[in-house]
Amino acid sequence: MLFLILLTLSIRFFLFDFVLFKGIRNYLKTKGYLFRKVLSCPFCQGFWSGMGVFLTTHLITFELSFLLPMISFGFVTAYLSMMTTAIFYPLIDKFERNFPI
């Protein structure tokens, strides 16, 4: 479980914070309300990244015993994503200012 959480947070960082994708993110933000909201909401990013990781690492069944852990994992990763963003964003901004590409 810890591995899946770390994987989710790593994928979220790679897609939504990594400097090499900044141009693509800025372009997509101008293309519609949904892109703008998802690309600027760490809670949403964590939730959907968590759902993606969960669905790719578990056998999909249409039962309540599958749905509840899936939703729970999404909310746990969403909360952790929001917390890591609050902690690391100032450090990322400082790093990008000191070491521009």
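The values are calculated or read from the model by the stated rules, or taken from the named source; none is laboratory data. Remember, it's a predicted structure, so these values are computed and weren't measured experimentally. All Cβ positions, even for glycine, are placed from backbone atoms using ideal geometry, and neighbour counts span all protein chains on display. Note: areas computed on protein heavy atoms with side chains; ligands, DNA, RNA excluded. Shrake-Rupley method; radii C 1.70, N 1.55, O 1.52, S 1.80 Å.
Values computed for the structure shown
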quantity	calculated
Enumeration of residues in region 81-101 that are open to solvent by 80 Å² or more (accessible area, probe 1.4 Å), at pLDDT below 85 and among the aliphatic types (A, V, I, L, M)	I101
Pick from region 17-31, criterion at pLDDT below 90 and aromatic (F, W, Y), ranking: farthest from the chain's Cα centre (by Cα)	F21
Residues of region 21-66 satisfying the condition of being surrounded by fewer than 16 Cβ atoms within 10 Å (Cβ to Cβ), over 20 Å from F88 (Cα atoms) and aromatic (F, W, Y)	Y27, Y33, F35, F62, F66
Filter result for the condition that a residue is modelled with pLDDT of 95 or more and either hydroxyl-bearing (S, T, Y) or open to solvent by 30 Å² or more (accessible area, probe 1.4 Å) (or both), over L2, L7	L7
Candidates Y89, Y79, filtered to the one that is among the aromatic types (F, W, Y) and under 22 Å from K22 (Cβ atoms)	Y89
Within region 77-101, considering residues that are of a type in the set (S, T, N, Q) and closer than 20 Å to W48 by Cα, the one nearest to the chain's Cα centre (by Cα)	S81
Residues of region 1-40 classified as in contact (Cβ under 8 Å) with a residue 40 or more places away in the chain and charged (D, E, K, R), total	2
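Every residue, every condition in (1) in contact with a helix residue (DSSP H, G or I) (Cβ under 6 Å, 6 or more places away or on another chain); (2) free of Cβ contacts under 8 Å to residues at least 12 places away in the same chain, yes or no:
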site	(1), (2)
W48	no, no
F54	yes, no
L64	no, yes
P69	no, no
F75	no, no
T85	yes, no
